[in-house]
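The values are calculated or read from the model by the stated rules, or taken from the named source; none is laboratory data. Remember, it's a predicted structure, so these values are computed and weren't measured experimentally. Cβ placement follows ideal geometry from the backbone for every residue including glycine, while neighbour counts extend to all protein chains displayed.
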Amino acid sequence: MSLIEFQKKFGTEKACQKHLFRLRWPEGYHCPRCDYNQAYFHRSRHLYQCKACGYQASLTAGTIFHKTRTPLRKWFWMIFLMGRQKSGISMCSLQRMLEIKGYKTSWTMGHKIRKAMADRDASYTLAGLIEMDDSYFGASKPGKRGRGAAGKANVVVGVETREERPGFAKMHQVPTLSAHQIHELAYTSLGEEVVVRTDGWRSYRVLNSDRRTHEPVVVGDGRNAVKVLPWVHTLIANIKGNIRGVYHGVSNKHLDRYLAEFCYRFNRRFWEPQMFDRILVACVGTSTVSYSELRA
Ligand SMILES: [Zn+2]
């Protein structure tokens, strides 16, 4: 969809509401409490009231748009533009483009959308042959260098390798690169009967279990590492480039959501035409989060 087509389709608040309604209730309104399919609509308060149990629900309740003061039109544009821009897009430019009041509002909106993307991908696990490696993100502080360097975020990256091409990817920040953390991550991120290829870092040995096969490879210098674990290195280079170039650095506190956004788009790079609707579905399927929760 071009920008012109998008503007035509979602140019009014009403059009956005209609679209959202169809996504939430494809077979017509159903009460979230008793599932009854008839309701009164209170126009002034934008509420549906169930004719059976009296429960009142709004179009946006239970979604990331709940209680928003920003028009859906602007939300839709933000989702469209975030899904379209492969390298990410700064909230500063979105705030200007969409005439959003205050950076805090656009920042919060962006992170709510990222949370929806993260929640969506959290339900998938990686399968088959997986490359796994870790990298450090963020500005370095004086002190320890290399694995476990001071002030840096440890990020573990896993990428499925399907016939010489990457499949799905996951990236997670971990407090330390200990065997315990790798084990926890493997439990939530990897499917069963997978083969995980890593370098010789001792914590990765924990990946060998009755559910998984661990395949440590000899990496040697940096150039060889790119050869034996090509896809994790490509992805790490790409996201670091985006964080530097587009977001001008990201604090460790919010890094996970940026990682999720990057992976979400990467995992759906072959479905670009449906990107907007997919993100919107994710936003509808996830409850909202407040500014203070995001900052916590
Ligand atoms: Zn009801």
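Please name all residue pairs, on different chains or six or more residues apart, with Cβ atoms under 9 Å, provided the first residue is in segment 182-201 and is over 14 Å from Leu129 (Cα atoms) and touching a residue at least 60 places away in the same chain (Cβ under 8 Å) and the second residue is of a type in the set (D, E, K, R) and not in a strand (DSSP E or B).
Close Cβ pairs (under 9 Å, with a partner that is of a type in the set (D, E, K, R) and not in a strand (DSSP E or B)) amount to Trp201/Arg147.
Which of the residues that make up segment 123-141 are more than 24 Å from Gly245 (Cα to Cα) and in contact (Cβ under 8 Å) with a residue 12 or more places away in the chain?
The first filter runs over segment 123-141 and keeps only residues more than 24 Å from Gly245 (Cα to Cα), leaving 123-132.
Those that are more than 24 Å from Gly245 (Cα to Cα) and in contact (Cβ under 8 Å) with a residue 12 or more places away in the chain: Tyr124, Thr125, Leu126, Ala127, Gly128, Leu129, Ile130, Glu131, Met132.
For segment 221-239, does any single residue satisfy the condition of being free of Cβ contacts under 8 Å to residues at least 24 places away in the same chain and closer than 28 Å to Leu3 by Cα?
No: segment 221-239 contains no residue that is free of Cβ contacts under 8 Å to residues at least 24 places away in the same chain and closer than 28 Å to Leu3 by Cα.
Identify, please: which residue in segment 43-57 is within 30 Å of Leu294 (Cβ to Cβ) and within 14 Å of the ligand (Cβ to nearest atom) and is, among those, farthest from the chain's Cα centre (by Cα)? Lay out the reasoning, then the answer.
Residues of segment 43-57 within 30 Å of Leu294 (Cβ to Cβ): 45-48, 55-57.
After this cut, where a residue has to be within 14 Å of the ligand (Cβ to nearest atom) as well, the list is 47-48, 55-57.
Working: Leu47: 30, Tyr48: 31, Tyr55: 32, Gln56: 31, Ala57: 27 Å.
Here the answer is Tyr55.
Limited to segment 58-99, what total is found for residues that are in contact (Cβ under 8 Å) with a residue 40 or more places away in the chain, of a type in the set (D, E, K, R) and over 15 Å from Thr288 (Cα atoms)?
Qualifying residue count, segment 58-99: 3.
Which ones in segment 241-256 are under 14 Å from Ile89 (Cα atoms) and either part of a helix (DSSP H, G or I) or touching a helix residue (DSSP H, G or I) at 6+ places or on another chain (Cβ under 8 Å) (or both)?
Result: Gly241, Asn242, Ile243, Arg244, Gly245, Tyr247, Gly249, Val250.
A quick yes/no check of all residues on (1) modelled with pLDDT under 95; (2) assigned to a helix (DSSP H, G or I); (3) surrounded by 14 or more Cβ atoms within 10 Å (Cβ to Cβ):
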position: Thr68; (1), (2), (3): yes, no, yes
position: Lys74; (1), (2), (3): no, yes, yes
position: Met78; (1), (2), (3): no, yes, yes
position: Lys101; (1), (2), (3): yes, no, no
position: Lys112; (1), (2), (3): no, yes, yes
position: Ile130; (1), (2), (3): no, no, yes
position: Lys141; (1), (2), (3): yes, no, no
position: Arg145; (1), (2), (3): yes, no, no
position: Ala150; (1), (2), (3): yes, no, no
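Can you tell me which residues in segment 169-187 are β-branched (Val, Ile, Thr) and over 19 Å from the mean Cα position of the chain (by Cα)? Spell out how you get there, then give the answer.
From segment 169-187, those β-branched (Val, Ile, Thr) are 174, 176, 182; that's our starting set.
Of everything in segment 169-187, those that are β-branched (Val, Ile, Thr) and over 19 Å from the mean Cα position of the chain (by Cα) turn out to be Thr176, Ile182.
Exactly one condition in (1) outside any loop (DSSP other than H, G, I, E, B); (2) more than 14 Å from the ligand (Cβ to nearest atom); (3) surrounded by fewer than 15 Cβ atoms within 10 Å (Cβ to Cβ); (4) of a type outside the set (Gly, Ala, Ser) is not met by Tyr40; state its number.
(2)
Which pairs turn up if I take residues in segment 23-48 that are within 19 Å of Ser287 (Cα to Cα) and look for partners that are within 10 Å of the ligand (Cβ to nearest atom) and β-branched (Val, Ile, Thr) with beta carbon separation below 6 Å, at least 6 apart in sequence or on another chain?
Partner pairs satisfying both residue conditions: none exist.
Can you spot a residue in segment 267-277 that is surrounded by 16 or more Cβ atoms within 10 Å (Cβ to Cβ), outside any helix (DSSP H, G or I), at pLDDT 90 or above and not hydrophobic (A, V, I, L, M, F, W, C)?
yes
Run Asn224 past the list (1) part of a loop (DSSP other than H, G, I, E, B); (2) at pLDDT below 90 and report the number of the one that doesn't hold.
Here Asn224 clears every test but (1).
Does any residue of segment 244-261 turn out to be crowded, with 17+ Cβ neighbours inside 10 Å, among the charged types (D, E, K, R) and within 18 Å of Ser87 (Cβ to Cβ)?
Taking every residue of segment 244-261 in turn, at least one turns out to be crowded, with 17+ Cβ neighbours inside 10 Å, among the charged types (D, E, K, R) and within 18 Å of Ser87 (Cβ to Cβ).
In segment 20-33, what residues are surrounded by fewer than 12 Cβ atoms within 10 Å (Cβ to Cβ) and within 15 Å of the ligand (Cβ to nearest atom)?
Initial filter on segment 20-33 (surrounded by fewer than 12 Cβ atoms within 10 Å (Cβ to Cβ)): 22, 26-28.
Hit for segment 20-33 is Gly28, nothing else.
Listed residues Gln95, Gln7, Gln17; which is away from the ligand (no atom under 16 Å from the Cβ), polar (S, T, N, Q), within 16 Å of Val281 (Cα to Cα) and in a helix (DSSP H, G or I)? Step through it out loud before you land on a result.
Numbers: Gln95 fails: within 16 Å of Val281 (Cα to Cα); Gln7 fails: within 16 Å of Val281 (Cα to Cα).
Checking each option against the conditions leaves just Gln17.
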